[in-house]
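The values are calculated or read from the model by the stated rules, or taken from the named source; none is laboratory data. Remember, predicted model here, so these are calculated numbers, not experimental data. Don't worry about glycine lacking a Cβ; one is built from the backbone with ideal geometry, like all the others, and counts go over all protein chains shown.
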Amino acid sequence: MADKKYVIGLDYGSDSARAVIVDALTGEEMASSVKYYPRWIEGKFCDPSRDQYRQHPLDYVEVMEFIVKDAVQKAGAGVAENVVGMSFDTTGSTPVFVNEEGIPLSLLPGFEDNPNAMFVLWKDHTAVKEAAEINELARKWETDYTSFEGGIYSSEWVWAKALHVLRKDEAVRKAAYSWIEHCDWMPALITGKQKPLEVVRSRCSAGHKAMWHEAWGGLPPEEFLTALDPLLAGYRARLYNDTYTSDVKVGNLTPEWAERLGLSTKVAVGVGAFDCHMGAVGGEVTPNVLARAIGTSTCDIMIAHYEQIEDKLIAGICGQVDGSVIPGYIGLEAGQSAFGDIYAWFKRVVAWPVENILSKTTLVDAETRAKLIDETISAIIPQLAAEAMKIPVEESTIIAVDWMNGRRTPDASQEVTGTIAGLKLGSDAPRIFRALVEATAFGSKAIVDRFAREGVEIKEVIGLGGVAKKSPFVMQTLADVLNMPIKVARTEQTCAFGAAMFASVVAGVYGKVEDAQRAMGQGFENEYQPNPANVAVYANIYQKYQKLGAFTESEKL
């Protein structure tokens with residue numbers, strides 16, 4: 001096995017992390033491992049009623065040790081010593097405050113159980129007020145620092161979150177020296193480059209979420225940040241000027257981390273990025289193709305030639321950043337704040353009697369009761385989808401708007417809410433579920449329409465992730481609403497696979513990402529074609545969706 005070269009892609013999602021070991025020369029997946037974050041699964045440090053979602057760094061560390069060692073063991077003898085590279089993708093913007101040594105505050109005595117000292121997950125919307133203040137100031141400033149991020153700053157992004165935490169928590173405010181994104185912290189941790197000014201910062205996270213751009217010398221200047229709030233004084237100097245694309249090497253595993261992960265110090269570690277951006281690479285994205293990572297939310301990624309974008313500022317998306325996806329192209333990001341999360345919400349609504357009434361029944365023994373509850377809850381979504389598919393499109397009298405977790409694009413707003421209208425006494429659960437699926441598809445069409453309005457041509461759509469692979473009903477509805485064919489990537493873990501592709505470049509196996517894609521890509525397993533009859537009906541329903549959305553937003557329901 002001396003001529004073998006293996007790479008590891010690590011994908012940190014909202015609920016769990018996964019490691020994939022890939023043969024860098026053939027693209028063969030050797031092994032994988034997935035583990036949920038233990039504290040997160042228990043619901044610790046979160047308060048959904050206040051849109052607060054925090055994650056403890058120990059969840060990230062403990063899970064990493066498990067999944068890497070587990071995957072290496074599954075891969076078999078001779079693999080560990082031939083692993084040459086590893087790279088990370090994570091959710092984002094998911095930042096944490098750190099001390100002068102770059103240690104997250106929640107790893108320090110006195111802060112272990114303080115949610116404000118932990119990573120603020122992407123979907124934490126506690127900073128709506130701060131995001132509004134950033135937008136207001138940016139409009140007045142000589143330079144609009146949000147202009148390359150769609151022109152609207154979101155509460156899902158780092159500066160709003162950081163300011164909210166600083167205002168809220170005096171203890172964190174006094175202890176904090178700088179902040180770091182999750183995708184930057186993982187490579188920094190295992191290469192021993194944790195100090196804030198030593199961290200090799202991701203172009204992806206900085207450009208899409210932190211208002212970084214070369215045009216104004218990096219991050220917004222001190223004058224802008226302190227005008228926003230004096231609490232931000234000094235942070236600009238304790239962060240970074242330069243950023244790097246994910247084909248750049250951060251360093252090698254330290255001896256400590258090589259031992260903890262069961263690998264060697266020859267393993268090269270690459271610059272991290274956000275999950276959907278690396279997922280697009282793993283899904284073999286090419287110019288003018290929209291790659292949709294469809295899970296709890298969606299993240300929509302494109303790459304475009306420089307001459308196509310030129311001096312365009314694309315309004316209402318999540319950024320246009322040079323090299324954030326593949327170096328040598330402009331990376332474009334959009335997405336929906338909730339997609340699968342909407343289905344999960346409806347599942348919880350439907351399951352309420354099961355969890356709160358059936359769980360207390362004495363008609364069966366405890367073991368049978370538990371099995372009955374588990375079987376029922378696990379069957380809810382598949383059964384709803386099966387029944388919803390039988391309902392003709394023209395019978396869809398219910399219209400829903402998909403803003404249950406706010407709106408990411410087009411035109412970010414975490415103040416908007418979801419809506420369901422057109423209910424009748426005959427509106428049963430499958431019909432409501434169908435309307436929710438259609439709403440997520442309509443939200444997707446709004447994104448595609450925005451790109452088209454801004455002069456960015458979309459020739460093809462690629463579906464990535466669990467929903468794309470597991471739900472024919474959702475994907476066919478999406479194809480009908482978009483009136484576009486949708487190819488589904490064969491790779492089960494496209495984000496982790498994309499990270500593995502970058503790891504192969506960082507380790508020197510390939511000279512550029514496109515070469516890694518060609519050699520390691522797994523192709524596509526399915527393609528959904530739009531149904532012409534449904535396309536025409538949905539075009540009419542989509543107009544109703546737009547009217548309901550406009551009403552909902554204007555009335556701030």
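Tabulated results
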| quantity | calculated |
| --- | --- |
| Single residue of E387, E333, E394 found to be within 20 Å of V448 (Cα to Cα), charged (D, E, K, R) and touching a helix residue (DSSP H, G or I) at 6+ places or on another chain (Cβ under 8 Å) | E333 |
| Those residues of the stretch 452-483 which are touching a strand residue (DSSP E or B) at 6+ places or on another chain (Cβ under 7 Å) and crowded, with 20+ Cβ neighbours inside 10 Å, in sequence order | V456, V461, I462, G463, L464, G465, V467, A468, M475, L478, A479, L482 |
| In the stretch 18-57, the residues that are buried (at least 20 other Cβ atoms within 10 Å of the Cβ) and hydroxyl-bearing (S, T, Y) | S32, S33, Y37, Y53 |
| Positions within the stretch 376-427 being among the hydroxyl-bearing types (S, T, Y) and either touching a residue at least 40 places away in the same chain (Cβ under 8 Å) or part of a loop (DSSP other than H, G, I, E, B) (or both), in sequence order | S396, T397, T409, S413, T417, T419, S427 |
| Unique match (being closer than 13 Å to F88 by Cα, crowded, with 24+ Cβ neighbours inside 10 Å and not aromatic (F, W, Y)) among V285, V271 | V271 |
| Failed item, numbered, when S504 is tested on (1) in contact (Cβ under 8 Å) with a residue 60 or more places away in the chain; (2) over 20 Å from the mean Cα position of the chain (by Cα); (3) in the same structural domain as P382 (by TED's automatic domain parsing); (4) more than 25 Å from Q308 (Cα to Cα) | (3) |
| Single unsatisfied condition, M520 versus (1) aliphatic (A, V, I, L, M); (2) more than 19 Å from A293 (Cβ to Cβ); (3) modelled with pLDDT of 95 or more | (2) |
| Residues located in the stretch 437-449, provided they are more than 20 Å from the chain's Cα centre (by Cα) and surrounded by fewer than 24 Cβ atoms within 10 Å (Cβ to Cβ) | D449 |
| Strands (runs of 3 or more DSSP E) completely within the stretch 175-270 that count 1 or more residues being aromatic (F, W, Y) | 178-181 |
| Selection within the stretch 516-539 - more than 18 Å from A489 (Cα to Cα), of a type outside the set (V, I, T) and surrounded by fewer than 18 Cβ atoms within 10 Å (Cβ to Cβ) | N531, P532, A533, A536, A539 |
| Subset tally (residues that are assigned to a helix (DSSP H, G or I) and under 25 Å from the mean Cα position of the chain (by Cα)) for the stretch 516-532 | 4 |
| T409 being at pLDDT below 95 and assigned by TED's automatic domain parsing to the domain that holds T477 | yes |
| Cβ pairs under 9 Å, 6+ apart, first in the stretch 462-481 and among the basic types (K, R), second part of a loop (DSSP other than H, G, I, E, B) | K469/R490; K469/E492 |
| Set V488, V535, V481, V474: member being under 25 Å from S396 (Cβ atoms), in a strand (DSSP E or B) and at pLDDT 95 or above | V488 |
| Matching entry among A132, A138, A160 (being at pLDDT 95 or above, farther than 25 Å from C183 by Cα and surrounded by 20 or more Cβ atoms within 10 Å (Cβ to Cβ)) | A138 |
| Residue match in the stretch 378-393 (condition: more than 14 Å from A429 (Cα to Cα) and more than 26 Å from the chain's Cα centre (by Cα)) | yes |
| Hits in the stretch 115-171 - residues which are charged (D, E, K, R), part of a loop (DSSP other than H, G, I, E, B) and within 19 Å of T94 (Cα to Cα) | K123, D124, E156, D169 |
| The stretch 226-241, residues that are without any contact (Cβ under 8 Å) to a residue 60 or more places away in the chain, in contact with a helix residue (DSSP H, G or I) (Cβ under 9 Å, 6 or more places away or on another chain) and at negative phi | T226, A233, R236, A237, Y240 |
| F119 being under 21 Å from A206 (Cβ atoms) and under 18 Å from the mean Cα position of the chain (by Cα) | yes |
| Any pair with Cβ under 7 angstrom, 6 or more apart, that starts in the stretch 185-202 at a residue that is modelled with pLDDT of 95 or more and ends at one that is among the basic types (K, R) | P196/R238; V199/K193; V200/K193 |
| Hits in the stretch 37-94 - residues which are assigned to a helix (DSSP H, G or I), under 20 Å from the mean Cα position of the chain (by Cα) and touching a residue at least 60 places away in the same chain (Cβ under 8 Å) | P57, Y60, V61, M64 |
| Qualifying residue in the stretch 35-45 (condition: aromatic (F, W, Y), more than 29 Å from W345 (Cα to Cα) and assigned by TED's automatic domain parsing to the domain that holds E514) | no |
| Qualifying position, being of a type in the set (A, V, I, L, M, F, W, C) and over 12 Å from P95 (Cβ atoms), among L189, L239 | L189 |
| All positions within the stretch 142-157 that are surrounded by fewer than 23 Cβ atoms within 10 Å (Cβ to Cβ), over 16 Å from W212 (Cβ atoms) and either in the same structural domain as G406 (by TED's automatic domain parsing) or in contact with a helix residue (DSSP H, G or I) (Cβ under 7 Å, 6 or more places away or on another chain) (or both) | I152 |
| Residues that are surrounded by fewer than 24 Cβ atoms within 10 Å (Cβ to Cβ), of a type in the set (F, W, Y) and in contact (Cβ under 8 Å) with a residue 24 or more places away in the chain, drawn from the stretch 322-375 | Y329, Y343, W345, F346 |
